[in-house]
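Below is one structure, written out as C-alpha cells, with a few remarks after it.
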Amino acid sequence: MKTKIIKITSLARDLDKIRYVADVIKDGGLAVLPTETVYGIAANALDPAAVSRIFEAKGRPHDNPLIVHIADLSDIDSLVSDFPKNAKKLAEKFWPGPLTIILNKTNAIPDTVSAGLNTVAIRMPLHPIIRAVIGQSGVPLAAPSANISGKPSPTNSQHCIEDLFGKVDIIVDGGLCDIGIESTVISCAALPPKVLRPGMITLEQLEAVIGEVSFDKSVTSSIPLARRASSPGMKYKHYSPDTKIILLHASFKKFANFVSNKAGAAALVFDGEEKNLMIPCVSYGVMGDAFTQSKRLFSALRELDRLGVQTVYARVPELSGAGFAVYNRLLRAAGFDEIYL
Ligand code: TXA
Ligand code: MG
C-alpha cells in the first residue's frame, strides 16, 4: 500500500489537509494521527471492515479491544448504554485529556472494536489534530497506539514510519507527543472503579474526584497468556524492545558498581549519570521527574535496540504518583525482570 506522509503544523493553515485525512477515514481508510499521549492508528469506529484493517496493520490479536476517541461529550450518547455519575465526574474533570473510561456499550459499537466484550473504552483526546479529524469526519475514531504489536508505543512520526509505512494510507507528522505514554484506563463498568492501566492521571487524582478506586491485579503482576485479563491488552508482553532489559532497584552508587563489570551490557539511566558509567548509556529523563521520563521513555527503548547489546540494566523511576505509570511501562518492557540490590 502507498502511504502518504502529511506534515501538519497549524490547524488554520492546514485545514485542507485535515479535510483530506477525514475523507480517507470516511472512505474506510487508516490514518496515523498524533495525540497528546502517543500516536494512534485511526479508523472509523463504526465501520467494522475499516477497524479490521487496524488489527491487520498492527499484527494485533483480535481479542484485544480498541479505544474509541470522541471530540465532544455529546458524541458519547449513542456509544454507551449508561453513563454513570462517577464516570461523568471523571469526564468533566479530565476530558479532553489522557484518560480512557470503560463503560457498557450499545450496539453501535461493532464487536471488532470491543473484541466481543459488552464494554467499550472511550477517550476524548486533547491534541488539536485528532480532535479536528474527528470533527471533520463526523465519526468516532477507533485508535490503538500506532506501533507494531509488542513494540514500544510511538511518540514521534519517525517511530510510526518505522513500524507502519506501507501498511496504512496516511501518517500525519504532528511533531513530538507531549506526554509520551498511553492514557490512564479506568473501568467504570466495575464497582468500585478499577484502574486497568496506570498513566499520567494518577490513582490519587482519580480518587480525589470519585472516592475509592482500586488497581486491577494485572497492573503489577505478569499474567499467564492463557488467563483472561480484565484488560485484555495487559496480558501481552508490551512495550518490548528486542534487547533484554532488567530493572535494578538500587542507589546510583550500587547500580554503577553492579554494571561496571558486565560485558555486552548497556544502561538506561537518568540525565547526567552517563558520565559516571563505562558502558554505553541511553538516558530517559531527569531523576524524580516523571514528566520528562514519560516523554522520553519509549524513544529511549527504541534507541537501546539500535545499540546492539545483549542486556540493558535500567534505573527505576519513583514508584509513586505519575512515576508509577513510567515504572509500569518499564516493568513490561523488562518482562517483569527486576533485581533488588
Ligand atoms: O493514550 C492512549 O490511550 C492511546 C492513544 C492513541 O489514544 N491509545 C492506546 O490504545 O494506548 P491501545 O489499543 O494501545 O491500548 C488500549 C488498552 C489495551 O490495553 C486494551 O486491552 C484496553 O485498553 N481496552 C480497550 N477496550 C477495553 C475494554 N472494553 N475493556 C477492557 N480493556 C480495554
Ligand atoms: Mg498499545
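Quick note: the coordinates plus some simple rules give every number you see, no bench work behind them. Everything numeric in this text was worked out from a predicted model, so none of it was measured. Cβ placement follows ideal geometry from the backbone for every residue including glycine, while neighbour counts extend to all protein chains displayed.
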Here the FRET efficiency for THR9 versus GLU92, based on Cβ atoms and R0 = 25 Å and rounded to 0.05, is 0.20
Of MET287, MET124, MET200, MET1, how do they rank once you tally other Cβ atoms within 10 Å and put the fewest first?
MET1, MET287, MET124, MET200
Classify the stretch 73-139 as rounded, prolate or oblate from the Cα gyration tensor: take a ≥ b ≥ c as the square roots of its eigenvalues, call it rounded if a/c is under 1.5, otherwise prolate when a/b beats b/c and oblate if not.
oblate
Past 28 Å, Cα to Cα, is the threshold; run LYS17/LYS105; LYS7/LYS89; LYS194/LYS295 against it and keep the listed order.
LYS17/LYS105; LYS7/LYS89
Which FRET efficiency value, to the nearest 0.05, is calculated for ASP23 and GLU207 with the Förster distance at 45 angstrom and r the Cβ-Cβ distance?
0.55
For LYS2 and MET278 in the same chain, what is the full-extension length gain: residue separation times 0.36 nm, less their Cα-Cα distance, in nm?
94.9 nm
What's the exposure ranking of PHE336, PHE270, going from fewest to most Cβ atoms within 10 Å?
PHE336, PHE270
How far, in nm, would the chain grow between LEU307 and MET287 when pulled straight, counting 0.36 nm per residue and subtracting the alpha carbon separation?
4.9 nm
Using 0.36 nm times the number of residues separating SER78 and PHE252, minus their current alpha carbon distance, what extension gain do you get?
57.4 nm
Burial order of peptide ranges 52-64, 102-114 (average beta-carbon count within 10 Å, highest first):
102-114, 52-64
Pick out, from ILE134, CYS188, ALA91, the residue whose Cα sits farthest towards the positive end of the charge dipole of the stretch 55-204, with +1 on the Cβ of Lys and Arg and -1 on the Cβ of Asp and Glu.
CYS188
Largest first and rounded to whole Å, the semi-axes √(5λ) derived from the alpha carbon gyration tensor of the stretch 1-157 read 23, 19, 15
Only helices at least 24 Å long along their axis, Cα-based, and averaging -1.0 or more on Kyte-Doolittle count here, so list those DSSP H runs from the chain.
290-307
